[in-house]
1. Please give the number of the condition Phe209 fails out of (1) touching a Ser or Thr at 6+ places or on another chain (Cβ under 6 Å); (2) under 19 Å from Ala106 (Cα atoms).
2. State which residue pairs qualify: first residue of a type in the set (Lys, Arg) and inside region 1-24, second residue crowded, with 16+ Cβ neighbours inside 10 Å and in a helix (DSSP H, G or I) in any location, beta carbons under 8 Å apart, and separation of 6 or more residues or different chains.
3. Based on this model, can you work out whether Glu83 counts as assigned to a helix (DSSP H, G or I), under 26 Å from Arg175 (Cα atoms) and over 22 Å from the mean Cα position of the chain (by Cα)?
4. Could you list all residues from region 258-272 that are surrounded by fewer than 16 Cβ atoms within 10 Å (Cβ to Cβ) and over 20 Å from Thr144 (Cα atoms)?
5. Out of all the residues in region 209-217, is one or more aromatic (Phe, Trp, Tyr), assigned to a helix (DSSP H, G or I) and either touching a residue at least 24 places away in the same chain (Cβ under 8 Å) or touching a helix residue (DSSP H, G or I) at 6+ places or on another chain (Cβ under 8 Å) (or both)?
6. For region 160-186, which positions are buried (at least 24 other Cβ atoms within 10 Å of the Cβ) and assigned to a strand (DSSP E or B)?
7. How many residues does region 89-105 hold that are farther than 19 Å from Ile167 by Cβ and either assigned to a helix (DSSP H, G or I) or within 19 Å of the chain's Cα centre (by Cα) (or both)?
8. Among residues belonging to region 37-65 that are farther than 12 Å from Ile15 by Cβ and β-branched (Val, Ile, Thr), point out the one that is surrounded by the fewest Cβ atoms within 10 Å (Cβ to Cβ).
Amino acid sequence: MKIQSECVTCLLKRIIFEAEQSTNDPLIRLRTIINSCKLLDELYDPDKSSAEIATKVHKIAYETLGDEDPYNKLKEQSNQIAEKLVPRVNELIECSDDPLRITMLASIIGNLMDFGIPGASTHPEILSEIFEETFAEDLGYDDTEEIKEILKNSKNVILFTDNCGEIVFDKILCRELKKFKPDIFLTLVVKGEPIISDATIKDAMELKFNEVVDEILNTGCFAIGLDFKKMPPELKKALDKANLIICKGMANYEAFSETDFRPVAYLMRTKCTAIANSLNLPLNTNVVKLIK
């Protein structure tokens, strides 16, 4: 997705948020905001990817803060809150005649565990508060039947994770994907370095994803979504042979929508107008959208 004018305010709100998470020093916070604004002014180009620009702006913010992971505590809390909801998610799956669809919906609800932007969480506990309400909204856009047809003929499936908290439900999604098609080779991809509230190899290991996937890879670098120029060779190989790519969250949509990789199943909540407009869907909608 190309950067939109509304992406500017959203990105700067995120920079302010992470500065507040990182330090109480007002001068460091101010310097972080100034440096980020200066770089954003230099980089802004409506023909460039929003993910590419956001990556560079976040990088200078982290460097100015001198903090490798400003969201560390929030990420840990998010996983803890989500784990408390696992019994409820399993109950909903067991009661359903379409377990994979229900699992996708639950995984999308986890996508609300995001911080520092409008339309997302203000604190980790909010997931417990809004889970039932958001589940009742169901899917506002639903390509699950088409995705299941592709899965039936797939050998290699790759799932790109997004936020912490959400990743707890992604483990259940991986389990249900394996139940639906036991012989698929399922690859999980996490971030190569801490960036915003996204999951890393640390989260995948702590949550024992090895129990439900065949392979765990990482994006290889600091990047919003995925930097296709810097991804490790093993990830490129996995992408090239994938029969289905599943992308969680908006950042992965921002990155993958600029490529020719197909088919891609996007599982997300439309939390901002730029994403909603790009998908031609309403704001604050639970989305399972297949691009073939």
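The values are calculated or read from the model by the stated rules, or taken from the named source; none is laboratory data. It should be emphasised that the depicted structure is a prediction, and the values quoted were computed from it without experimental measurement. So basically every Cβ, Gly included, is an ideal-geometry build from the backbone, and we count neighbours across all protein chains shown.
1. (1)
2. Close Cβ pairs (under 8 Å, with a partner that is crowded, with 16+ Cβ neighbours inside 10 Å and in a helix (DSSP H, G or I)) amount to Lys2/Ser50; Arg14/His58.
3. Numbers: assigned to a helix (DSSP H, G or I): yes; under 26 Å from Arg175 (Cα atoms): yes; over 22 Å from the mean Cα position of the chain (by Cα): no.
Criteria not met by Glu83.
4. Applying the first criterion (surrounded by fewer than 16 Cβ atoms within 10 Å (Cβ to Cβ)) to region 258-272 yields 259-260, 262.
Scanning region 258-272 gives Thr259, Asp260.
5. Restricting attention to region 209-217, the residues satisfying the condition of being aromatic (Phe, Trp, Tyr) are 209.
Those left that are additionally assigned to a helix (DSSP H, G or I): 209.
Checking which are either touching a residue at least 24 places away in the same chain (Cβ under 8 Å) or touching a helix residue (DSSP H, G or I) at 6+ places or on another chain (Cβ under 8 Å) (or both) leaves us with 209.
Scanning region 209-217 turns up at least one residue that is aromatic (Phe, Trp, Tyr), assigned to a helix (DSSP H, G or I) and either touching a residue at least 24 places away in the same chain (Cβ under 8 Å) or touching a helix residue (DSSP H, G or I) at 6+ places or on another chain (Cβ under 8 Å) (or both).
6. Within region 160-186, Phe160, Asn163 meet the criteria.
7. Within region 89-105, the first condition is being farther than 19 Å from Ile167 by Cβ, and the residues that meet it are 91, 94-99, 101.
Checking the rest, the ones that are also either assigned to a helix (DSSP H, G or I) or within 19 Å of the chain's Cα centre (by Cα) (or both) come to 91, 94, 99, 101.
Qualifying residue count for the region: 4.
8. So, considering only residues that are farther than 12 Å from Ile15 by Cβ and β-branched (Val, Ile, Thr), the one surrounded by the fewest Cβ atoms within 10 Å (Cβ to Cβ) is Thr55.
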